[in-house]
Amino acid sequence: MDDNEFAVIEKDNIRFFDEELNIICKKYETVNLSNFNTTKNGYDNFMLKEIFEQPKAVINTINNYISSENQGVELSQFQPNISTNSSSTIVSPSSIYNKQFYFSNFNLSQDDLNNIKQIYIVACGTAMHAGLAGKNIIEKLCKIPTFIEIASEFRYRDPIINENTLCIFISQSGETADTIAALKLAKEKGSKTIALTNVFGSSITREAHFSFYTYAGPEIAVASTKAYTCQVSLICCFAIYMAEILESTNCNVLEELKKDLFDLPTKIKEVLQKQEEIKNIAKQCYLQKDLFFLGRGIDYAVSLEGSLKLKEISYIHSEAYAAGELKHGPIALIEAGVYVVGILTDDKLTLKTISNLQEVISRGAKTFVITNSKLPNNTFDFIFTVPKTNSFLTPILSVIPLQLFAYYIAKEKGLDVDKPRNLAKSVTVE
Ligand code: M6R
């Protein structure tokens, strides 16, 4: 249904009305829910199941955009919506999976892309954090200035955007009120809009000029996990696609990145196999009142996501800081026994962040470090190693121990992991 429509649902009949209560005809589509597994499948909680579904969810997403045979980005996947007006047909998941959805007249031309002077990525919560990882990829590969905006801020601040702006709206549910309102505003101002969502036929896809999908399957736990890793993967595919058209990055770099995308599921599995390590760390700090996350560059973006995950399901107060900001205020909060989680996946910044962590250690903090490098064993209380990957893709691996960390802390505290207090899965009101 579109906005301002009503329905009367009876046992054998559904009638639709417009806002003046005139009867209207709607086109029906049968959505085949059996395509999706919406049970816990033997897991204690949906959240844990969804964390473990990530290898499959990520490869399903990548496979829909990059052909694994020649590893060329399939242009046909980045297609315009069937219709951008509100009476568009609801497209059922089965037809999407059969790829009957896409037009053959591909219409984001090289000229269109060359005219894009700036990109905004607009979203809320975890989707916004995926956008932060995406900004890094798009700017470096496409050389287009890219800005991240919180949807609830963007919609009210009269942003300077025009027909030379591309706005990407990320929303797992496709129903987040602020994100949809921000999209409508961007469209009014003449920008090209892309919805990046996990839900076919969701409200956001009816508004955007283009819709790209993550193929994560339904995400039921309130805490978003597999949606994030799929969103980052999809933005990476899109950035590669744009970079190929714009010829903004050396082909070898793009080929290497494609190969590394296909290696992700194996590496995600490697991380998941070490869940007991995280469980043991969680057992030691679940009674903490405050926790801090530190990182630089892309690791700061992941710190924000780790901190959000922890607070929403464990109710432990936590903050994420860019490690270099520590001495500009937050270090006043560090005292003996406080836990600080450090994320160190960028070789160029590792020594800098280590030096920040040493500042908290000297004030008695306990440290838990997530890294892909070999670090001295005796400096930190806990070290969790993730596999090396392409520098654009580190957020996809380093976020997983943080998802498990939040999960096991909430479990230790005996909390309802899937339905944390005060939160809804889709935030359909302001
Ligand atoms: O459905 P959306 O991606 O638009 O939702 C955005 C946020 O509400 C969502 O990511 C929220 O922050 C999650 N609960 C985080 O785990």
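The values are calculated or read from the model by the stated rules, or taken from the named source; none is laboratory data. Here the structure is a predicted model, which is why all the values come from computation and not from measurement. Here the Cβ is made from the backbone with ideal geometry for all residues, glycine too, and neighbour counts use every protein chain on show.
Per-structure values
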| read-out | value |
| --- | --- |
| Positions within the stretch 138-184 being over 21 Å from THR225 (Cα atoms) and within 16 Å of the ligand (Cβ to nearest atom), in sequence order | SER152, GLU153, PHE154, ARG155, CYS167, ILE180, ALA181, ALA182, LEU183, LYS184 |
| All positions within the stretch 375-430 that are over 30 Å from ALA181 (Cα atoms) and of a type in the set (D, E, K, R) | ASP381, LYS388, LYS411, GLU412, LYS413, ASP416 |
| Considering residues of the stretch 206-215 that are more than 11 Å from the ligand (Cβ to nearest atom) and within 14 Å of the chain's Cα centre (by Cα) only, the residue farthest from PHE46 (Cα to Cα) | PHE212 |
| Qualifying residue in the stretch 311-334 (condition: among the basic types (Lys, Arg) and surrounded by fewer than 20 Cβ atoms within 10 Å (Cβ to Cβ)) | yes |
| Check on ARG206, free of Cβ contacts under 8 Å to residues at least 24 places away in the same chain and among the basic types (Lys, Arg) | no |
| The stretch 109-137, subset more than 24 Å from GLN172 (Cα to Cα) and without any contact (Cβ under 8 Å) to a residue 24 or more places away in the chain, residue farthest from the ligand (Cβ to nearest atom) | ASP111 |
| Among the candidates THR379, THR353, residue that is surrounded by 15 or more Cβ atoms within 10 Å (Cβ to Cβ), among the polar types (S, T, N, Q) and without any contact (Cβ under 8 Å) to a residue 60 or more places away in the chain | THR353 |
| Subset of the stretch 238-256 (residues that are buried (at least 16 other Cβ atoms within 10 Å of the Cβ) and either of a type in the set (Ser, Thr, Tyr) or within 24 Å of the chain's Cα centre (by Cα) (or both)) | PHE238, ALA239, ILE240, TYR241, MET242, ALA243, GLU244, SER248, THR249, LEU254 |
| Filter pass, SER203 being under 21 Å from ASP2 (Cα atoms), within 11 Å of the ligand (Cβ to nearest atom) and out of contact with any Ser or Thr (no Cβ under 8 Å at 6 or more places or on another chain) | yes |
| Residue among LYS311, LYS289 that alone is under 18 Å from the mean Cα position of the chain (by Cα), free of Cβ contacts under 8 Å to residues at least 60 places away in the same chain and over 16 Å from SER398 (Cβ atoms) | LYS311 |
| Tally, over the stretch 398-427, of residues that are farther than 14 Å from PHE46 by Cα, surrounded by 13 or more Cβ atoms within 10 Å (Cβ to Cβ) and of a type outside the set (A, V, I, L, M, F, W, C) | 5 |
| Residue match in the stretch 294-308 (condition: part of a strand (DSSP E or B), without any contact (Cβ under 8 Å) to a residue 60 or more places away in the chain, assigned by TED's automatic domain parsing to the domain that holds ARG363 and crowded, with 22+ Cβ neighbours inside 10 Å) | yes |
| Complete set of residues in the stretch 291-311 that are among the hydroxyl-bearing types (Ser, Thr, Tyr) and either within 16 Å of the ligand (Cβ to nearest atom) or at positive phi (or both) | SER303, SER307 |
| Counted residues, the stretch 217-241 - those being within 12 Å of the ligand (Cβ to nearest atom) and under 12 Å from LEU196 (Cα atoms) | 4 |
| The stretch 403-430 residues that are more than 13 Å from ILE281 (Cβ to Cβ), paired with ones that are among the acidic types (Asp, Glu) (beta carbon under 6 Å, 6 or more apart) | PRO420/GLU312; SER426/GLU175; THR428/GLU175 |
